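See structure below.
The values are calculated or read from the model by the stated rules, or taken from the named source; none is laboratory data. Just so it is clear, the model here is predicted, and its values are computed rather than measured. No Cβ is skipped: glycine too gets one built from the backbone with ideal geometry, and neighbour counts run over all protein chains shown.
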Amino acid sequence: MELQTETQKEEDGERWREEGERQREEDRKRRRDEDGGQKLGKRRAEEDEDSPNKKLQMLDHSVKVASHYNSLQEVGLAARSRSRIFFMRNFNNWLKSVLIGEILEQVRGAGPQQVSVLDLGCGKGGDLLKWRRGGINHLVCADIAGVSVEQCQSRYEDMKKKSHANEKIFSAQFINADCTKEVLAEKLADPDQMFDICSCQFVYHYSFESEQKADMMLRNACERLKPGGFFIGTTPDAFELVKRLEASDSLSFGNEVFKVSFQSKGFYPLFGCQYHFSLEDVVNVPESLVYFPLFEHMAKRYNMRLVVKQRFSEFFEEKVKKEHHRSLMMKMMALEPFPGEDSGRQATDSRAEYSHAKEHSGRAGVKLPLGTLSRSEWEAASIYLVFVFQKMS
């Protein structure tokens, strides 16, 4: 099974490389034909209407993404607990908590210092408590969605008000900016600000709409990192998405909690390979495949080296072996108990969703209840991977 997966990866990679070369040749031809050295980008809108190869034309989806996240309503804990993907969201939060905690340990391992963090694509501030628990000194939060940035700042101010008198909460700056187009360094309150960590959670794939956007996002993530600093994040695994698409009888795949839809299959351009992703009531936006070997290559421009790249399943299997990570998992309710409490009721009534847990529970020596995710939630979570880059001295 592993051999087939690797073969698929090589074939998909070759397709991407060939498609990328073809696109570059088309771009070179366009540039040669352009009048008076006009830039390709200025004619993009007109070309989109007439091009015979509209699939490969890059449309700017930044407005759609910002609009979607701006329109998401803030819901309370009670409403979140009723969500079909309650445990999956907790699982993702646990995974981010472990990642952030371990990276902070590495930063402090280099010696006592004032720790500064850039949260690139901060959203509504879902990771604020993680940075608080990590005892950082300064945080810069940036996001394309202005409403989300306002809510993030409001959460921060509320957190400061409710903190204990002897607790020192980190200082913070909040920036509304499209980090795929704007230079973030020009917006910093301290023009000399440098960071120990840049965290980019479930966001970087939006930038792979074009090479220019992906590079600007990388520049914002990496150029202000201190030597030895880390760029960490989570993003969909393009190889996994392509594998599932190729195995599908249609141009989409998914289950009762998520759906991924492509416009075509068989060729996958290096940039601007769009698909539409929907996840229950949380996500409903266009995204772009991130071809990871290219991502790694681009990061080298900013003196970054890849130190960790793991699928969520691999990361989970490694980290859950440690007692303190298991304890945090229980505290965060990152897995659903099986059989369920309240007369055996689970997040969904479908028995097929827990057939894997039922099979495992019947094995010798297994103690109940088990910790699990429903099959649909696991299929959604297992799309993603964790990455860690480090700034070389």
Which listed residue, of LYS213, LYS226, is in contact with an Asp or Glu (Cβ under 7 Å, 6 or more places away or on another chain), charged (D, E, K, R) and either in the same structural domain as LYS181 (by TED's automatic domain parsing) or touching a residue at least 12 places away in the same chain (Cβ under 8 Å) (or both): LYS226
Looking only at region 320-341, and only at residues there that are without any contact (Cβ under 8 Å) to a residue 24 or more places away in the chain and assigned to a loop (DSSP other than H, G, I, E, B), the one that is nearest to ARG375 (Cα to Cα): VAL320
Search result, residues across region 243-278 that are crowded, with 19+ Cβ neighbours inside 10 Å and in a helix (DSSP H, G or I): LEU245
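Name the residue that is farthest from ASP237 (Cα to Cα), counting only residues in region 279-319 that are in a strand (DSSP E or B) and among the basic types (Lys, Arg). Outline the logic, then answer.
Here is the first cut: in region 279-319, the residues in a strand (DSSP E or B) are 279, 283-288, 304-311.
Add one more test, that the residue is among the basic types (Lys, Arg), and what stays is 305, 309, 311.
Working: ARG305: 19, LYS309: 10, ARG311: 8 Å.
Residue satisfying both the conditions and the ranking: ARG305.
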Residue check for SER248: of a type in the set (Gly, Ala, Ser), touching a residue at least 40 places away in the same chain (Cβ under 8 Å) and outside the structural domain of SER350 (by TED's automatic domain parsing): no
Among (1) in contact (Cβ under 8 Å) with a residue 60 or more places away in the chain; (2) in contact with a Gly (Cβ under 6 Å, 6 or more places away or on another chain), the one test that ALA381 misses: (2)
Of residues in region 118-151 being of a type in the set (A, V, I, L, M) and under 18 Å from GLU167 (Cβ atoms), the one surrounded by the most Cβ atoms within 10 Å (Cβ to Cβ): LEU139
Subset of region 303-325 [buried (at least 16 other Cβ atoms within 10 Å of the Cβ) and under 13 Å from TRP94 (Cα atoms)]: PHE312, PHE315, PHE316, LYS319, VAL320, HIS325
GLU240 of a type in the set (Asp, Glu), buried (at least 16 other Cβ atoms within 10 Å of the Cβ), at pLDDT 95 or above and touching a Lys or Arg at 6+ places or on another chain (Cβ under 9 Å): yes
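Mind listing whichever residues of region 196-221 are under 15 Å from PHE231 (Cα atoms), of a type in the set (Phe, Trp, Tyr) and buried (at least 24 other Cβ atoms within 10 Å of the Cβ)? Explain how you work it out, then say what you get.
Step one: of region 196-221, the residues under 15 Å from PHE231 (Cα atoms) are 196-205, 214-221.
Okay, now just the ones that are also of a type in the set (Phe, Trp, Tyr), so 202, 204.
Scanning region 196-221 gives a single hit, TYR204.
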